[in-house]
Every structure is written in structure tokens, then in C-alpha cells.
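Comments concern the structure below.
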Amino acid sequence: MRHATLSALLVAALATGALAAWHAAGPPPAVPHDTAAEAMGALRWRLHLDRDEHGRVLPGALWRALQQRQRMVREGVSRPRAKTAGLGGWTFRGPTNVGGRTRALWIDPRNPSHLWAGSVGGGIFSTGNGGKSWAPLNDFFPNLSVSSLAQDPADPATIFVGTGEGFGNGDAIRGGGIFVTHDGGGSFEQLAGTGEWAAVNRIAIAPDSSTLLAATDRGIFRSGDGGASWSAATIGRALQVAFNPHDSAEALASEGGGFRQKHRILRSTDGGATWNPASVLADSTEFTSRIEIAYAPSDPAVVYAMQDGLLWRSNDGGGSWDPVGVFPDDEDQWWYDSALWVSPVDPNFLLVGGLFLARSLDGGHTLTPISNGYLLTQQVHPDVHTIAADPRFDGRANRRVYVGCDGGVFVADNVATVNSKTGWRSLNTGYASSQYYSGAGDGPTALLLGGLQDNGTLRLQKKTVATLTFGGDGGYVEVDPQLPSYVYFEYQYLGGPYRSKDGGKHVEANLGVSLPESGSGDFLAPFLLDPTDGNRMLAGATHLWRTANARTGKPPAWQAIKDEAFHNDEAQKIDVIAISAADPNRVWVGHEDGQLYVSHDARSGAPGWDVVDDNDARNPLPNRAVTRILALAEGPASVLVSFGGFRADNLWRSDDGGFTWRSLATGLPAAPILALAQHPRHPDWLYVGTEVGVFASEDGGATWSADNQGPGSVAVDDLRFLNRSTTLLAATHGRGLWTASIP
């Protein structure tokens, strides 16, 4: 997940002892997972990128943006020559050994070596050899945020795909309802009436195939005709729904956590048409709470529920509940990672997933940890979301169980004996669903560096297999434009930044030791190097900070060169910084509420700052989150600024230092623009990364186009040319890193 960070813990530790241990030794530091309260910062951060001026994301906005992209692609194919500014020769750069967050698994009952994994940013990946290798099922699936998979018991070729995450994590990608295939994945169609469902958390199909239920952000919906039509059965935020595996009339669901809504278990005895409260378990209204449910397939009178680490059991099909055990962990993010699995042949054998996995052989009374993974290990990665057994599981000759988590897919060939030391295998070869927040690199040396969701900062060089530079969640990264062996990276909230002087092979120093606001920035806090001087770095929290010895300081000296910007008496954190290569004294700063400032003497001892947009007296631009600023090659007065929100005016240009602006968004989908790039040799060739892929212009933004190549309709969180090259790097949030060589 997009975890919160080092903040007070790290700052306090560094203040007392880190100066004495300046040089890092050994493996990259393990960064602790966050608390639920801190993780809400991640949720707020992503939402402020998606919302418009009125704090809204209109229903179906992402779906409409995806449809607009596909129309542009079709129009481009019909033209004699689509003007894509040199795009078309995309190359996947990796990593091929790191999977992304996985909330859904489907295993073909006719062939257990055939699996689908539903990644929440990269769509469906398929394997025909039990996970030894994977490939995306469809690069341009209508929505790449897959959260649930369900197969029709009467027709194995019919599979339903639920899109969008509704569990509250900060980087949750909005869905477009439910899609169905009737030919085993050859083709898909969106089910009518579901397109505006932003999150389909679970899909359940009655054992006699008569009824389809969906737990969504809008409540439980029911279909009795295979998804052709739907009726609302409840209106509260629903997190899970499950049928009694032997009785199509009985079903259980969980809801809660929205608008003071109590978390509770609901029960239906008429196939999901009506629902009645069964239990509130621990009686919580907190958004950060969650209830997971699992029937025992061999005895459906036995049902388990887990709420925030406390395990409950029902012996009457969900009518009454008793607490039985406690998960052996004090994590506070059950709303995000929570999974239950009961053996198909033994109602007392179960697995419980949270930060790690635990096993019980006595009906939940005793829970023993059986995984201890971290990054790039064979053990299950932290944050478990789904557990699925081999369809031929019999508890004797076949005991194979698969796990989906923040690190992809893992398997235990013998779930009865697997433990936190041995018995797990990573199945992530080719499962290229990693979720990048950022990317940077150097052309001549082929060095690539990027920060990822829950998979640290990873390094790639001439191979697609990544190595770990730094743990936890990655943030922004920088590669020295003059000396590429010097690279920099961070944890969330401006944790660090950290320095490596061997291209990211080892962590050499924490520049945050002497940075007063280290650990206090926005969720993804910006820092960057001066393109003309790699020893000069700027970093943003509530103030803008500058050091002139980022490369050499032990520790570097930092100076605050810009004060806070306020809104309603609250300091607005800096989200974006840009330095003009044409004049490094020209620095632009954008704040989380849309305020924009520029300095003409940023290298001076006390820089001055001009108001470009303060959302008040001077307000020429949208009052939405500033997502990127690109100082253009035409000169220090020329700049591009992009904004968040599912709106149609998210890209603006000024050629007079910010006095006047014109929109360049005509033709672009109404979606947040997350990244900007300009070709080093062709200044009229512009590129934007959005929530729905990459778009290019050959005429300075007057017209835009897209093609059906490369990373697809995936969110592109970062887009930049590698240093000293004309190779464009796209860091995607669900399909890893891609490059395009553009002479």
C-alpha cells in the first residue's frame, strides 16, 4: 500500500544517533509498515489528485476517459500517419522479478496450471504453467484495476471480472464496474448498469448459478439473469459477499466504514434479495476497520469472520458468532490487508492473512505465523489480500495453496508444513504488474531507478531483473545529470532523501539527517537536482529547501529559501518543483491546493518569490492539485503546468513567465495528468502521462494522439527523458518501466 513513513520515528532516531553512523552498511534498511492513522495520509493524497475544485470525482469519470482514449487510438489508426512524436517503439524494461499488489486469483478447475492473477494496476495476467511465467491477458483491457474474479460454476468459460478497489488505500485505482468473458478470456464485455461502480470489492455466484451478487462501494447489487440487469439490495459500503457453497438461498456479506456506518455482518436467506443484520462483532464505525468472511466448504454451518485481527466463528451458518482467537500481530491496517481461507476438506484448518500469514489447525483458537517475507524473497511479501487453493486440493496428495499480496503471487506446495523459513516460492517471473511512483535514469549507462508501491526503490541496468536499493515504499528518485553514479531516493513524506554513489547498489548516506523537515512533506514529497549542477538539490515540504553540496555533504547544509503558503490558516505542502535548464535561477513551485509561485533569483542568498496563482486575488489557473511543472527548453519564461481532477482543462502553458496562460488540453481525456516531458531535440514534441496512458503532440500541444503500443491504458505516474539521451522513460503504476527511443 502507499504507506506512511519514517516521520517522527525516523527523525528522532536520526537526531540522536545517525550522525555517528553516517555511512550505511549491509543490506538496505527495512522500513516499518505504517499505522492506519498514517495511512490515511496516503488516501488523502491520492484523492486530492483525483478530485476537482469542488472535491468531487464524478461517477464513471475514469471509464469515460478510457473510452476517449480508445476513440483517439482508433482515429489515429485511420490516419495516413498518426502524429505520435516518435512513439511506437516501446520496450518493456522490467522488472520481471517483482509483482504488484494482487487482490484476486482464479485457478482453472479443468487445468490447475492455468491461473489468472488480478493486479490492481496492470489488469489480468495469465499463466499456463503454474506460475513459472506470466503474460498480460489484454494490454488494453477496458479497466486495469482488477479487484475480484469469479467463475460461473455451470460454465467454466464464463468468468466475471470486478474492477476498482474500495478498501481505502491511497493509490486505489477507480474501476469501471464488472466485465464478463464467455470464452475463457478471448473477449470481454462490460455488464450494463455497472459502469459507474468505482469499486467492485467482491463477486459471488450462487452454487446453482442462478444469482450473481456484487459487493461495491455503493452497496450490494443482485442479478438474476447473469448480469444483464441489476437491482440494489443494500445501500451501505459493502466489502465482501459470499454464498453458502451448498445452498444458493443463503449468503453472508460485510459492510461498514462509510459515513459513521457500523461495520457488521449481513445475512440473506433468499439468495441476496433481502438482508438482515447478523452481528456487529466488535461494534466499530471506523473507516479503518473491516470484516472478512469465509465459509468452511466441507461444513458450511461453520463460518469464520475476522475483524481487525480478532477471529470469530459461527457454527450456525452466520446467525451467531463467538470470538475464538487473535492474529499474532499488532498491525493497525486490517482495512487494507485482510484474508481468510478455510480448507476445502477440514473446517478447523484455516489460514489468516494480514501483514503476514498465520495457520490454525484447531478452528482459529491457535494461530501460528507461517510467513516472514520482505522484498525480493521467496517468502510471501507483506500485506496479504487473497488466498486460493488448487482446485484438486484434497488435504493429502494435493495441499497446494496460492497467495496474492503486495508483492505479487506466491505458492506453498504443502500448506500443512510450510513455515516462516521454508516451503514458499515466489511466482513472479514475468508478472510485470509492479506499481511505480517515479522513474529516472541515464542513457549511456542504461541505469534505471524507480520508487514503487511497497516494493522499495529498485535498480535496473541492462537487464529486466531488478535489485533492491532501498526498502519500504519508494518515492521520487533522481540521477545526477553529470555523474550518474550518484543517485538519490526517498521514502514517503520526504523520508531522507538518501544518497548512493555507486548507482544505487548501496546506500551511502541519508541527506535528511540535516534537513529540518525530513519526514514532514506530502505523501510523495518532491526533491530534484539542478539540471546544470548535480551538487545542487531542492526539496519541498511546507518550506522549500536548498543544498549546494548534495553530492559531497557529510551531511549537506540545507537552507530554507521559500516560506509556507497558507490556505485557511493551514500551511499547504509543496507537491511540485521545477528548475529551468535555460536559467537555473528560474524555479517554479506548486502546492497541494493549486497555488503556484516562481522565483527569478533562486540561486541567491535570499530568493524572492512572485505569486503566479494564489487561488484568490490572482487566480488564472484551476484550483486543483498541481501535479507537474515542466520548465520548457524555449527559454526561462516558458513553462507547462498540469493538474489533477477528472476534468478537461488539466494542461496549461505560459510563455511570459506566468502572466498569461493558454490551455493545451484540447483533445486530451478528462483525466488527471500525472507526468510531463519534452523531447531534448524537438521542442514541439510534448508528452503527457495520465491516468489512462501516454499521449503525444508534434505541434507544441495544439493536437494530441495516442497509439495502441507500449504500456497500454495504464496510469503513468512519471515520464521523463533519460539523462544524456533521447530515450523516454515511462514509470507506470501497474505495468513496470517502459522506454521508447525517439531520435
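The figures follow:
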item	result
Approximate shape of the range 130-201 as ellipsoid semi-axes (Cα gyration tensor, √5λ), whole Å, largest first	20, 16, 12
Spatially proximal lysines relative to K573 (Cα-Cα < 25 Å; intrachain offsets below 8 disregarded)	K562
Rg ratio (alpha-carbon, reference 2.2 N^0.38 Å) - the range 294-448	1.17
Using a Förster distance of 60 Å, the FRET efficiency for R662-S229 (Cβ separation, nearest 0.05)	0.80
Stretchable slack from R396 to K132, in nm (0.36 nm times residue separation minus alpha-carbon distance)	92.7 nm
Net charge over other residues, Cβ less than 10 angstrom from the Cβ of V626 (K, R count +1; D, E count -1)	-2
Centre separation in Å (Cα based) which lies between the range 390-424 and the range 462-519	35 Å
Cα extents of the range 181-295 along the three principal axes, largest first (Å)	44, 31, 22
Rg over Rh, two decimals, the range 435-540 (C-alpha only, Kirkwood Rh)	0.93
Two-site FRET efficiency, V611 against K83, from Cβ-Cβ distance with R₀ of 51 Å, rounded to 0.05	0.90
Proximal aspartates and glutamates relative to K554, as straight alpha-carbon distance under 17 Å, when same-chain residues fewer than 8 apart are discounted	D502, E508
Hydrodynamic radius (Kirkwood) for the chain, which is based on Cα pairs only, to one decimal in Å	26.1 Å
Straight-distance crosslink candidates among lysines, where the alpha carbon sits under 21 Å from K463 and sequence neighbours closer than 8 are dropped	K132, K501, K505
Label-point gap, in nm, between Q67 and D583 - each point 7 angstrom along Cα→Cβ	4.6 nm
Accessible-area value, T288, 1.4 Å probe, nucleic acids and ligands omitted, Å²	40 Å²
In Å², nearest 10: area of V345 left accessible to a 1.4 Å probe	80 Å²
Residue among A677, Y597, P207 farthest towards the positive dipole end of the chain, charges placed on Cβ	A677
Principal axis box of the range 317-376, alpha-carbon based, largest edge first, Å	39, 24, 17
Rounded accessible area of K262 (nearest 10 Å², 1.4 Å probe)	90 Å²
The range 359-510 - convex hull of alpha carbons, volume per residue in Å³	131 Å³
Cβ-defined net charge surrounding R546, 15 Å radius [Lys, Arg +1; Asp, Glu -1]	-1
Gain in span if fully extended, K505 to T377, counting 0.36 nm per residue against the direct Cα distance	44.3 nm
Cα-Cα pairs of the range 648-720 separated by more than 15 Å (percent)	53 percent
Test item: Cα-centred dipole of the chain, Lys/Arg +1 and Asp/Glu -1 on Cβ, debye	1720 debye
Mean Cβ neighbour count within 10 Å, used as a protection proxy, ranking 548-555, 236-243 highest first	236-243, 548-555
Formal net charge of residues neighbouring S147 (Cβ-Cβ distance under 12 Å; K, R +1; D, E -1)	+2
Modelled FRET efficiency - R0 22 Å, T422 with R110, Cβ distances, 0.05 increments	0.10
Carbon + sulfur, % of accessible area of the range 667-739 - ligands and nucleic acids excluded, 1.4 Å	45 percent
Accessible area per residue, Å², the range 643-743 with all protein chains present, probe 1.4 Å	28 Å²
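The values are calculated or read from the model by the stated rules, or taken from the named source; none is laboratory data. Everything numeric in this text was worked out from a predicted model, so none of it was measured. Positions of Cβ are generated from backbone atoms using ideal geometry, with glycine treated the same way; all protein chains shown enter the neighbour counts. Areas reflect the complete protein model, heavy atoms only, side chains present, ligands, DNA and RNA absent. Shrake-Rupley method; radii C 1.70, N 1.55, O 1.52, S 1.80 Å.
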